[in-house]
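*Asks:* Dropping the structure in here first, questions after.
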Amino acid sequence: MATVNGRSPQAGDDTKGLKRGALRIGDVVIMALASSGPTQSIAVGMFGLMLAVAYHTFLPILICFIPMIGIAIGYQRLNAWQPSAGATYSWVGRALNPQAGFFAGWIMLMYYTIGTTSLTVPLGTYFLSFFSNSAANNKYLVALVGSVFCVLVLIVAALGIKLSARFNWGWAIFEYALMIGFAVAALIMIYGTGLSGAVHTFSSLFTLPKTGLVAGLLIAIFLYSGWDTAAYVGEEAKGKQAGSAAILSVVILFFIYSFVIFSFQGIAPFKVLDANQANILAFVGHKIGGGFWENVMIVAVLGGTLVSLQAAVVSSGRISFAMGRDRVFPKFFDSVHPRWRTPWNATILLGLLNIVFLWGTTLFSSIGSALTNIVSTLGLMAAIFYFLTAFTAIWYYRKVITKSAGNLILGGIFPGVGAAFMAFVVIYSLATGVLTFTNIVFGFGLAILGLILSFVSKGVGHAKFYTDPSVSFGDQVDAALDGPEPPSEGFGV
């Protein structure tokens, strides 16, 4: 039996870890969809996408779908090897290089921490729009309201994964039904009344934009990103269902984004959408159904954004917990609440850090420019850790991917397309100046900081993860509880 810190763990030790088998596949899918947050992502990213590619929004969404499926397959295969709260951090660190694993974990943490700013800003904006349009455009009031919502979702995330899943289910049903209904109504309006955006919407469906495609791809990556939350709750899911949930989430997101954005973009001229970009979905609701439906849309954005924010807190808490468990982060992050079975310290600390980022961003930018900068930066960060995951999936299974056509397609070609696409987007963005100064400072500045911290962690902490990443602290506990790990058929390095 494996030992942990010099002793043999018993079955009762599992009560000290995350709650195993707490989530069904439907719960995991809902949490993944909530993290991507179609309602809030459209509220934040729709106009930015139109600004990049005009009415050609369907094309970047379609182009990104193919590599995203490949990357999701990579997640599924790696999750079959090792369900881990750290996901890409653990997989990259064990299969490729410990420093690269730390770097991946750091990038994911920055994504889910900085990313909450793109959630809390529309939370404040849409909530305040109930009372006053001027209040909705006051960045200080927006940040204050967003901070209150941050505290509320932090409490939900800290009180157990089952509560988080229930919280997501209720809002998911409401917001998806509403968004699809509004999209159908928008198409009826466009087709029936000949709105000014109609001709542009339909004529641009499969045509290439003259400029801005790569910028549009970065925003499309942001729209999809978040489905990987399925992997971070892999230790708490029944069996190894988190990988299948990730693939299903990507497919659902493709249909939602392509249909809803395609429908909404044609209901008004571009200049009118520009004038309402801070609360664009409220404008869509009013345009389609009047004041009542505008308020319903605001409620949908609020609810959808709340569950997205909560899923982000859940994800960041589990990633940092896994890094603390392996001692590449301070042991402080390894603490699990004995009753709620959540990474208590990590969840609270990172949840409060979200508020710090919210105020920092709000105080130094207008709401519109802040959202644009954040969305592009998040797309860049997501591209980096998605590339690392897809490449790791190929590397780990490299000895078997040529043994059958199925292995070659699922284990090599699909993840390979995903990795190549993400690498292209990052390199092309740098080479052509698509990224703004803010994007580069936040995206690559924080990435470089992560690299530096990986060496600091190794030198200061002396974690065994850096010298023998093949078995982590959490893996030893799982091995003792579950019995021997199934043979890998030579998959590993």
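*Asks:* Using θ = phi - 60° and the Karplus form 6.51 cos²θ - 1.76 cosθ + 1.60, what ³J(HN,Hα) does each residue of region 115-122 get, whole Hz, x for Gly and Pro?
*Replies:* After applying 6.51 cos²θ - 1.76 cosθ + 1.60, I find x, 5, 4, 6, 9, 6, 4, x Hz.
*Asks:* Sticking with this one: Please arrange PHE357, PHE127 by counting, for each residue, the other beta carbons lying within 10 Å of its beta carbon, fewest first.
*Replies:* Result, fewest neighbours first: PHE357, PHE127.
*Asks:* Mind checking the angle between helix 280-289 and the chain's longest principal axis? C-alpha axes, 0 to 90 degrees, to the nearest 10.
*Replies:* It is inclined by approximately 50 degrees.
*Asks:* Let me ask something additional. Identify the residues of region 136-173 with backbone N under 14 Å of a label point that sits 7 angstrom from the Cα of ARG339 along the Cα-to-Cβ direction, or state none.
*Replies:* Label zone hits: 158-160.
*Asks:* Mind ordering 167-179, 341-353 by average Cβ neighbours within 10 Å, highest first?
*Replies:* 341-353, 167-179
*Asks:* When the dipole is taken about the Cα centre of the chain, and only Lys, Arg (+1) and Asp, Glu (-1) are charged at their Cβ, what size is it in debye, to the nearest 20?
*Replies:* Numbers: 26 positive and 17 negative charges, 71 e Å.
I would put it at about 340 debye.
*Asks:* Calculate the spin-label point distance for PHE270 paired with PHE174, positioning each point 7 Å from the Cα along the beta-carbon direction, and give it in nanometres.
*Replies:* 3.6
*Asks:* Mind ordering 71-83, 209-221 by average Cβ neighbours within 10 Å, highest first?
*Replies:* Details: 71-83: 24.8, 209-221: 21.5.
Ranked from most to least packed, the peptides come out as 71-83, 209-221.
*Asks:* Whole angstrom only: what separates the Cα centroid of region 133-188 from the Cα centroid of region 16-37?
*Replies:* So the two Cα centres are separated by 18 Å.
*Asks:* What residues qualify as long-range amide H neighbours of LEU23, i.e. H under 5 Å apart, gap of 5 or more or another chain, H built at 1.01 Å from N?
*Replies:* Amide H neighbours of LEU23, under 5 Å, 5+ apart: ALA237, LYS238.
*Asks:* Further question: How high is the relative contact order of the chain, in percent, with contacts defined as C-alpha pairs under 8 Å that are six or more residues apart?
*Replies:* Value for the chain: 33 percent.
*Asks:* Something else now. Can you compute the helix-only [θ] at 222 nm over the chain? Use -39500 (n - 2.57) per DSSP H run of at least 4 residues, normalise by all residues, nearest 500 deg cm²/dmol.
*Replies:* -23500 deg cm²/dmol
*Asks:* Lysines near LYS162 by alpha-carbon distance under 21 Å, same-chain residues fewer than 8 away left out - which ones?
*Replies:* Of all the lysines, those that pass the test against LYS162 - Cα under 21 Å, at least 8 places apart if same chain - are LYS16, LYS19, LYS238, LYS240.
*Asks:* Additional query: Run the reach check for LYS287 against lysines, Cα to Cα strictly under 23 Å, same-chain hits fewer than 8 apart removed. What comes back?
*Replies:* LYS271
*Asks:* What's the exposure ranking of MET110, MET323, MET297, going from fewest to most Cβ atoms within 10 Å?
*Replies:* MET110, MET297, MET323
*Asks:* What are the ³J(HN,Hα) values, in whole Hz, obtained from phi via the Karplus relation 6.51 cos²θ - 1.76 cosθ + 1.60 with θ = phi - 60°, for each residue of region 25-32 in sequence order, with x given for Gly and Pro?
*Replies:* 4, x, 4, 5, 4, 4, 5, 5
*Asks:* Using alpha carbons only, how many degrees (0 to 90, rounded to 10) separate the axis of helix 437-461 from the longest principal axis of the chain?
*Replies:* The helix 437-461 is inclined about 10 degrees to the chain.
*Asks:* If you don't mind, another one. Quick one: what are the phi-derived ³J(HN,Hα) couplings along region 304-311, Karplus 6.51/-1.76/1.60 with θ = phi - 60°, whole Hz, x for glycine and proline?
*Replies:* Each residue's phi maps through the Karplus curve to give x, 6, 4, 5, 5, 4, 5, 5 Hz.
A short reminder: the numbers here are calculations on the coordinates, not readings from a lab. Treat the numbers as computed from the prediction; the structure is a model and nothing was measured. As a convention, Cβ positions derive from the backbone with ideal geometry for all residues, glycine included, and neighbour counts pool all protein chains shown.
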